[in-house]
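Working notes, structure below.
The values are calculated or read from the model by the stated rules, or taken from the named source; none is laboratory data. Predicted, not measured: the structure shown is a model, and the values here were computed from it. No Cβ is skipped: glycine too gets one built from the backbone with ideal geometry, and neighbour counts run over all protein chains shown.
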Amino acid sequence: MDVVSAYRAKGYCDHLAAFGIFPTLVTHRWEPDAMGNWKFHDDEEVVIEKSDNCVTIRLPRKKNHRIRTGKITNLANYVRGDFEPELEASYRTFRKFLLNYVPAERFDALLVIFSPHFQMKLAYEMKKRFGLPYITDFRDLWDNQVITTSYRPDFRKRAIDSLIKFWWKRWIREAEFFTTTGLLWMSFLEKVTGKKGYVVRNGFELEFVPESDSPVSPPEFVITHFGRLYPSQDLGIFIDGYRLFFQKTGGNVRLEIIGSKPHHGIDGKELLAGLPQDSWSIIPYMGKKELLQYCKARTTVFWMPGFSEDNGQLPVKVYDYLMLKKNVLLVPNNSPDLEHVVAGSGAGVACNTPDEVCTRLQQWYESFRNLHAVPYHGNSEVIQRYARVHQVMYLADRIHAHIG
């Protein structure tokens, strides 16, 4: 799928073999139906695809014919470590396959990526049954807000958090080690579980680096954000700063929001409604390759929204911004880890007030107007460390060290 979460698994499939680890990916047969939704299957067909880098096994995606709900049922599910009753059919499909496949093939370890939860449960069960060591890899926490200082759950949510923590402790402690995408999540999980963790960043895919001969001097000063806008991000500081900036320049500047999906986050049109109509555009979703080529040719500066509180998230788009070698404006700066990626690579700066945003944009705009370009000081050597292949190499080193 052309979605952010898929690229982490894809990176492992693409690159682990180069570092002495041959992966087998077990997933569903993700096939669209006539309406564009993901199809459920009535058959038992298993599709196996082989390449030089990996084996991919695609299992049928079954529909739950009966989902039992209710307070008592939900509590019983949580006590058993079943946190996604809507995925019960998937859990059973994967479990049935693995119970036959794992002992029939020679594997040294199992790696599972959260989410969903049941993948960790399966890894735990495979270790208990076959002695197969495993690694847990985290793209998120079960709720990223649990590590913020303002998190104030009600009684029901506290109870659910406690049950999830109980099972995460068990599943992670039985792992050889765990990995996650940032320092704050690693520290949190180490404290919860007492298990050693490592940071394996997301990153950019080298095959998507746009052609070097793409235009680098667009006709107008364009500030770009692509992908999802999150409710937990502090968007107002940048918007107010951009309003001041637009008022002072009087034109030839534009803010573009690309691929924003309101049902997954913030509605871009509602966010920008208070700005002058000629100062912004909403651009429809593009496939990744087309998107990066478009931004390479048109974008002057990328806007990287910061979160209202540091919740450990490092949106994957930040690595694509680094890859495109355009200045990044982080607003506001409440995450030392995110600032380390942006400012530590020399690719951008952080601002915390509308006036700071306006001033920085004016400085870049003056360079754009006088020099037809904005000076860029990104450190290529540091940025290359955020290529997906380098992050996979680091994971492979840890696997060899722990499992041998």
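For segment 85-95, indicate whether the set of residues that are of a type in the set (Val, Ile, Thr) and at pLDDT 95 or above is non-empty.
Let us first name the residues in segment 85-95 that are of a type in the set (Val, Ile, Thr), namely 93.
Right, trim to at pLDDT 95 or above and you get 93.
Yes, some residue in segment 85-95 is of a type in the set (Val, Ile, Thr) and at pLDDT 95 or above.
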For LEU361, work out the one condition from (1) in contact (Cβ under 8 Å) with a residue 40 or more places away in the chain; (2) surrounded by fewer than 20 Cβ atoms within 10 Å (Cβ to Cβ); (3) of a type outside the set (Ser, Thr, Tyr) it doesn't fulfil.
(2)
Do we find a residue being surrounded by fewer than 21 Cβ atoms within 10 Å (Cβ to Cβ) and among the small types (Gly, Ala, Ser) anywhere in segment 300-323?
yes
Got at least one residue in segment 363-371 being touching a Lys or Arg at 6+ places or on another chain (Cβ under 7 Å) and farther than 21 Å from ARG201 by Cβ?
no
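Condition check ((1) of a type in the set (Lys, Arg); (2) outside the structural domain of LEU189 (by TED's automatic domain parsing); (3) touching a strand residue (DSSP E or B) at 6+ places or on another chain (Cβ under 6 Å)) across all residues:
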residue: GLY287; (1), (2), (3): no, yes, no
residue: PRO315; (1), (2), (3): no, yes, no
residue: TYR321; (1), (2), (3): no, yes, yes
residue: LEU329; (1), (2), (3): no, yes, yes
residue: GLY344; (1), (2), (3): no, yes, no
residue: ALA350; (1), (2), (3): no, yes, yes
residue: GLU356; (1), (2), (3): no, yes, no
residue: GLN362; (1), (2), (3): no, yes, no
residue: MET393; (1), (2), (3): no, no, no
When the residues of segment 147-188 are narrowed to those that are in contact with a Pro (Cβ under 9 Å, 6 or more places away or on another chain) and within 23 Å of VAL318 (Cα to Cα), which ends up surrounded by the most Cβ atoms within 10 Å (Cβ to Cβ)?
LEU184
Where the second residue is of a type in the set (Gly, Ala, Ser) and in a helix (DSSP H, G or I) and the first is within 16 Å of THR136 (Cα to Cα) and in contact (Cβ under 8 Å) with a residue 24 or more places away in the chain and lies in segment 387-403, which pairs have Cβ atoms under 7 Å and are six or more apart or on separate chains?
VAL392/GLY11
With the condition kept exactly as written, say whether any residue in segment 235-245 is within 26 Å of the chain's Cα centre (by Cα), modelled with pLDDT of 90 or more and outside any helix (DSSP H, G or I).
yes
Restrict the check to segment 273-282 and report whether at least one residue is part of a helix (DSSP H, G or I), at pLDDT 85 or above and among the hydrophobic types (A, V, I, L, M, F, W, C).
no
Within segment 150-168, identify whether any single residue is touching a residue at least 24 places away in the same chain (Cβ under 8 Å) and within 18 Å of the chain's Cα centre (by Cα), and answer yes or no.
no
Could you list, in sequence order, the residues of segment 333-357 that are closer than 13 Å to ILE237 by Cβ and crowded, with 21+ Cβ neighbours inside 10 Å?
CYS351, VAL357
